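Have a look at the structure below, then the notes.
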Amino acid sequence: MELSIQKWGYSAALRLPAALLEQARVTIGDRLVVEIRSEGIVLAPARPRYSLDQLIARCDSKAPVSDDLVNWISIKDAGRKTSCSRLSLRRTPYFPIISRNHLG
């Protein structure tokens, strides 16, 4: 489909036909993300951003808890833990791909 850019005040506008909106599953008022790529301009529906309160409001507090989750919650400590801050790439042994023996 070919569309033309039109003047809209001091800006430019692109009119999207109703059939295109329906096919893209967007409606008037929806927000779109615009990306400039090497092959052209890409429009995509923006993902909704929810607050923590909105997400919690959608949870069903009376939903049954699965047996797997109950088992995971009830697992006792298995021993000494190592925090991520104690891990370091400097402690990782270095194995060169080519050694001096391979160079001849």
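Being at pLDDT below 60 and over 30 Å from ILE28 (Cα atoms): is that true of ARG80 here? Criteria not met by ARG80.
Per-residue answers, yes or no, for (1) under 30 Å from ARG15 (Cβ atoms); (2) loosely packed, with under 10 Cβ neighbours inside 10 Å; (3) free of Cβ contacts under 8 Å to residues at least 40 places away in the same chain:
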{"position": "ILE36", "(1), (2), (3)": "yes, yes, yes"}
{"position": "GLU39", "(1), (2), (3)": "yes, yes, yes"}
{"position": "LEU43", "(1), (2), (3)": "yes, no, yes"}
{"position": "ARG47", "(1), (2), (3)": "yes, yes, yes"}
{"position": "GLN54", "(1), (2), (3)": "no, no, yes"}
{"position": "ALA57", "(1), (2), (3)": "no, yes, yes"}
{"position": "LYS62", "(1), (2), (3)": "no, yes, yes"}
{"position": "VAL65", "(1), (2), (3)": "no, yes, yes"}
{"position": "TRP72", "(1), (2), (3)": "no, yes, yes"}
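Could you list all residues from region 1-26 that are loosely packed, with under 10 Cβ neighbours inside 10 Å, assigned to a loop (DSSP other than H, G, I, E, B) and not aromatic (Phe, Trp, Tyr)? Scanning region 1-26 gives MET1, GLU2, SER4, GLY9, ARG25. Step by step: first the residues of region 39-64, then only those that are outside any helix (DSSP H, G or I) and among the polar types (S, T, N, Q), then the one that is farthest from ALA24 (Cα to Cα). Which residue is that? Taking the candidates together, the pick is SER61.
The values are calculated or read from the model by the stated rules, or taken from the named source; none is laboratory data. The model shown is predicted, which means the values in this text are computed figures rather than measured ones. A quick note on method: Cβ atoms are made from the backbone with ideal geometry, for glycine too, and the neighbour counts reach across all protein chains shown.
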